[in-house]
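Colleague: Just dropping this structure here.
The values are calculated or read from the model by the stated rules, or taken from the named source; none is laboratory data. Keep in mind that what you see is a predicted model, and the values were worked out from it rather than measured. No Cβ is skipped: glycine too gets one built from the backbone with ideal geometry, and neighbour counts run over all protein chains shown. The protein model used for the area step is the full one, side chains on, heavy atoms only, and it has no ligands, DNA or RNA in it. Shrake-Rupley method; radii C 1.70, N 1.55, O 1.52, S 1.80 Å.
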Amino acid sequence: MAKLSFRSVTKLFFIAVTLLIHVVLFATVNFYFPHYDVTHITGVEVKRVDKDGPITKANPADGPTRDVYYIYTQNPENDKVMVYRNEDTRWGFPFYFKFNSADLQARAQSFAVDKKSVQVKYYGWRLVMFDEFRNMTSMKEVDQNATAAWPIASYVLYFLLLITLFLSIQFIRGWFDSEE
């Protein structure tokens, strides 16, 4: 078995760090950039929450509270249900400058009553274990057999990240291999 030299271990360390940085960047793009789904809205709800989550008997309010809107959907193709949070981003990060969550909630209620297909635009992940929901930023009515729009900005950034990953690894390999 060949013994690894210090240079080989260092080169592998730099490649691993580069991979880790790019994985974090890929996850950041996937979380914060918009995605689209075509679905049916089945209901809406408003919950009073504080920093610990929804206020219940088991979790009484212990600080400032706010209303959070939730929109319930069901995919017409596979009957998969999904819950979206509908919360304003205002001037904060991520910069969607969303101020119309109450209006979006009213439109969602209208779509739920009419049982129309809608395309929702959202960001974030649905993490059941952590009670995290995707945040819906907009919706529009579409045909029954419409397909979801493609997140072109995400695809462009994924491509750029792949190029920077390739170039970074080539730079690291060239840097270490040229000195041997």
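Colleague: Take the residue pairs Lys57/Lys115; Lys51/Lys80; Lys47/Lys115; Lys47/Lys121; Lys51/Lys98; Lys57/Lys116 and return only those whose Cα atoms are more than 25 Å apart.
Modeller: Exceeds cut-off: Lys57/Lys115; Lys51/Lys80; Lys57/Lys116.
Colleague: On a 0 to 90° scale, report how tilted helix 6-32 is relative to the longest principal axis of the chain, with both axes built from alpha carbons and the result rounded to the nearest 10.
Modeller: The two axes meet at around 20 degrees.
Colleague: In whole Å, what is the distance between the alpha-carbon centres of the range 111-149 and the range 157-179?
Modeller: Here the two parts' Cα centres lie 37 Å apart.
Colleague: Moving to a separate point now. Between Glu141 and Phe93, what's the calculated FRET efficiency when r is the beta-carbon distance and R0 is 35 Å? Round to 0.05. Walk me through the intermediate numbers first.
Modeller: Numbers: r = 30 Å, r/R0 = 0.85.
Using R0 = 35 Å, I get an efficiency of 0.75.
Colleague: Now for a different question. How many angstrom separate the Cα center of the range 7-22 from the Cα center of the range 47-82?
Modeller: One Cα centre to the other: 41 Å.
Colleague: To continue, here is another question. Can you give the accessible area of Ser178 in Å² (nearest 10), computed on protein heavy atoms with a 1.4 Å probe?
Modeller: Approximately 90 Å² of Ser178 is accessible to the 1.4 Å probe.
Colleague: Hull surface divided by four, with the convex hull built on the Cα atoms of the range 71-172: how many nm²?
Modeller: Working: hull surface 36.9 nm².
Seen from a random direction, the Cα hull of the range 71-172 projects 9.2 nm² on average.
Colleague: Next question. Taking every pair of Cα atoms in the chain, average 1/r, invert it to obtain the Kirkwood radius, and report Rg/Rh to two decimals.
Modeller: Working: Rg = 22.3 Å, Rh = 19.5 Å.
Reported Rg/Rh (Cα atoms, Kirkwood Rh): 1.14.
Colleague: Quick check: with the 1.4 Å probe, what order do Lys11, Lys116 take by accessible area, largest first? Kindly include the intermediate steps, with their values, before the conclusion.
Modeller: Numbers: Lys11 45, Lys116 70 Å².
Reading off the accessible areas and sorting them downward yields Lys116, Lys11.
Colleague: Over the range 49-180, what is the relative contact order in percent, taking alpha-carbon pairs closer than 8 angstrom and at least six residues apart? Don't jump to the answer; show the numbers that get you there.
Modeller: Values: 136 pairs, mean separation 19.2, N = 132.
It rounds to 15 percent for the range 49-180.
Colleague: Using a probe radius of 1.4 Å on heavy atoms only, what accessible surface per residue do you get for the chain? Whole Å² is fine. Walk me through the intermediate numbers first.
Modeller: Values: 11870 Å² over 180 residues.
Ligands and nucleic acids excluded, the figure is 66 Å² per residue.
Colleague: To the nearest 10 square angstrom, what accessible area does Asp143 show with a 1.4 Å probe?
Modeller: 110 Å²
Colleague: For the range 45-93, which chymotrypsin sites (Phe, Trp or Tyr not before Pro) are in a loop by DSSP, counting at most 10 other Cβ atoms within 10 Å? Please report the intermediate quantities before stating the final value.
Modeller: Values: sites: Tyr69, Tyr70, Tyr72, Tyr84, Trp91; in loops: Trp91.
Taking the range 45-93 and a limit of 10 other Cβ atoms within 10 Å, the loop chymotrypsin sites (Phe, Trp or Tyr not before Pro) found are Trp91.
Colleague: In the chain, what percent of the accessible surface is made up of carbon and sulfur (1.4 Å probe, ligands and nucleic acids excluded)? Before the final figure, lay out each step's value.
Modeller: Working: 7470 of 11870 Å².
It is 63 percent, rounded to a whole number.
Colleague: Using the crude model of +1 on Lys and Arg Cβ and -1 on Asp and Glu Cβ, and no other charge, please compute the dipole size for the chain relative to its Cα centre, in debye to 20. Don't jump to the answer; show the numbers that get you there.
Modeller: Working: 20 positive and 19 negative charges, 35 e Å.
Using Cβ point charges on Lys, Arg, Asp and Glu, the chain gives about 160 debye.
Colleague: If you take every DSSP beta bridge whose two residues both sit in the chain, what share of them, in percent to the nearest 5, is antiparallel? Could you put the intermediate results ahead of the total?
Modeller: On the way: 30 of 32 bridges.
Given both bridge residues lie in the chain, the antiparallel proportion sits at roughly 95 percent.
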